1. Which of the residues spanning the range 162-189 are open to solvent by less than 20 Å² (accessible area, probe 1.4 Å), free of Cβ contacts under 8 Å to residues at least 40 places away in the same chain and farther than 23 Å from Pro141 by Cβ?
2. I need the full set of residues from the range 5-56 which are in a helix (DSSP H, G or I), farther than 20 Å from Asp253 by Cβ and more than 21 Å from the chain's Cα centre (by Cα), in order please.
3. List the residue pairs whose Cβ atoms are under 6 Å apart, where the first residue sits in the range 30-55 and is on the phi > 0 side of the Ramachandran plot and touching a residue at least 40 places away in the same chain (Cβ under 8 Å), the second is among the acidic types (Asp, Glu) and assigned to a helix (DSSP H, G or I), and the two are 6 or more positions apart or on different chains.
4. Could you tell me whether the range 201-218 includes any residue that is assigned to a loop (DSSP other than H, G, I, E, B), open to solvent by less than 20 Å² (accessible area, probe 1.4 Å), in contact (Cβ under 8 Å) with a residue 24 or more places away in the chain and among the charged types (D, E, K, R)?
5. In the range 139-161, what count of residues is obtained for those that are buried (at least 19 other Cβ atoms within 10 Å of the Cβ) and either farther than 28 Å from Gly47 by Cβ or touching a strand residue (DSSP E or B) at 6+ places or on another chain (Cβ under 9 Å) (or both)?
6. As an exercise: evaluate Glu102 against (1) touching a residue at least 12 places away in the same chain (Cβ under 8 Å); (2) more than 17 Å from the chain's Cα centre (by Cα); (3) not in a helix (DSSP H, G or I) and give the number of the one condition it does not meet.
7. With among the acidic types (Asp, Glu), part of a loop (DSSP other than H, G, I, E, B) and open to solvent by 70 Å² or more (accessible area, probe 1.4 Å) as the only criterion, which of Glu222, Glu254, Glu230, Glu192 stands out?
Amino acid sequence: MSTDTPNYYLGCPVWACEKWKGSLFTSAAPHHSWLSQYASVFNTVEGNSTFYGLPSLDTIRRWAESVPAGFRFALKFPKAISHDKRLLNAGTETREFLQVLEVLHDAGCLGPSFLQLPHGFSPHHLADLEAYLRELPRELPYAVEVRHREFFDEATHESALDDLLTELHIDRVIFDSRALFSAPPSDSFEVESQHRKPNLPVHHSITWRHPILRFVGRNELERNLPWIHEWSLKIANWMKAGLHPLVFTHCPDER
């Protein structure tokens, strides 16, 4: 991370993982040092915690002070917006989230914030998505993750979504769980992960400059290599084309 504009960003879904003490973190690392130690290795992180609730602005400022130049937070829109209100009448919740994003933006460490839509959010609701996205401040970066299968039809519905995101300069999140579902689960973590994670087609849709890959693998790391090799080539080509991808790697067992 010697430059303020890395060619790509690599990170995990969380940084606060107790199981990483003695490996990613030093054995005696206090909780308040975890982010800075994480950021000494990775240059981005999914902010999944903001899906469940927003921290105070003072906490956000401490986050920004804990990371080096070039680091990017990719925070998830709160579920109060995406799942509870399904983008309708969510003005108050959106303004509160935008305040958080503006702190990170002013500090130079804001990556695309991604709006993960629920499984039942179908092309029938595309007008709701368009109305919501058009109201967001254009100077901040965003991404959208869809989970309804009709958005993967390689036809009318998918084209309408991709055209909208391209027009608004919003990235589309690519979610790849093929490795996870490539075989029956081998432990309780994978049982739970296969129960919770979607198993969707993988389309390499590029709608703006920071394509986001969320890769969900197996706990036995060697079993992920075929997909890792495939994505390495794809990501290298994105970088050659001048894109700046973000790659987040998930495993059922966070350790």
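1. Ser177
2. Selection gives His31, His32, Ser33.
3. Hits for this filter: zero, empty list.
4. yes
5. 8
6. (3)
7. Selected residue: Glu254, the only one of Glu222, Glu254, Glu230, Glu192 that is among the acidic types (Asp, Glu), part of a loop (DSSP other than H, G, I, E, B) and open to solvent by 70 Å² or more (accessible area, probe 1.4 Å).
The values are calculated or read from the model by the stated rules, or taken from the named source; none is laboratory data. Please read all numbers here as calculations on a predicted model, not as lab measurements. Counting neighbours? That spans all protein chains shown, and the Cβs are built from the backbone with ideal geometry, glycine included. Please note that ligands, DNA and RNA were not included when accessible areas were found on the heavy atoms of the full protein model with its side chains. Shrake-Rupley method; radii C 1.70, N 1.55, O 1.52, S 1.80 Å.
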